[in-house]
Structures are given as structure tokens and as C-alpha cells.
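Notes follow the structure.
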Amino acid sequence: MKIQDVFFILVIGIILYKQDPKLAVVLGILSLMLSIPLFSLWIFFTAERLTWYAGAFFFLSVFFYLAQKGKE
């Protein structure tokens, strides 16, 4: 497990605790923005991980939005 994975788990824990879909979307976009220069520098392992993390953040935001919609 690399340091980026540990950081991702900590951030996911914070998002799950706060249950804030907007924060999850912002972190997903930030993750994609960070992966673009890494792809251009041919650092594929970290860039690919960041795109997977972005997908997880977007999935969590959709989950939180649907959970909030179900409570209404």
C-alpha cells in the first residue's frame, strides 16, 4: 500500500463522516486535475490511481445525493 492509498483512505473516511456530496465532487474534480499533468509526464501508475479515486469520489457524491433525496 502506497502513501497515496493511505491518504485516499483517510480522505474517504472524512467524507463518509461528514456525508457532504459537494465535498466529494470537489475532491473528485481535484483528483482529475492532478492526474492530467502526471499523465503528460508519463507517471501512469499514480495518474491511473487518481482517476480511480475520482471515480470513487463521484460515486460517493451520487450515493449521498440519492440518500438525501430518499429522506425527503
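The values are calculated or read from the model by the stated rules, or taken from the named source; none is laboratory data. The structure displayed is predicted, hence computed values, not measured ones. Every residue, glycine among them, receives a Cβ derived from its backbone with ideal geometry; neighbour counts consider all protein chains shown. What goes into the accessible areas is simple: the full protein's heavy atoms, side chains included, and nothing from ligands, DNA or RNA. Shrake-Rupley method; radii C 1.70, N 1.55, O 1.52, S 1.80 Å.
What helices (runs of 4 or more DSSP H), lying completely within the chain, carry at least 2 residues that are hydroxyl-bearing (Ser, Thr, Tyr)?
In the chain, the matching helices (runs of 4 or more DSSP H) lie at 21-40, 44-71.
Taking the range 24-44, which residues are aliphatic (A, V, I, L, M) and without any contact (Cβ under 8 Å) to a residue 24 or more places away in the chain?
Val26, Leu30, Leu32, Met33, Leu34, Ile36, Leu38, Leu41, Ile43
Taking the range 22-39 on its own, how many of its residues are over 11 Å from the mean Cα position of the chain (by Cα) and not small (Gly, Ala, Ser)?
Residues flagged as over 11 Å from the mean Cα position of the chain (by Cα) and not small (Gly, Ala, Ser) within the range 22-39 amount to 7.
Any residue in the range 39-62 that is open to solvent by less than 40 Å² (accessible area, probe 1.4 Å), of a type in the set (Phe, Trp, Tyr), at negative phi and in contact with a Pro (Cβ under 9 Å, 6 or more places away or on another chain)?
no
Considering the range 41-63 alone, what residues qualify as being of a type in the set (S, T, N, Q) and modelled with pLDDT under 90?
Residue satisfying the conditions is Thr46 alone.
Which of the residues that make up the range 8-28 are closer than 14 Å to Trp52 by Cα and exposed (fewer than 13 other Cβ atoms within 10 Å of the Cβ)?
Within the range 8-28, Ile9 is the sole residue that qualifies.
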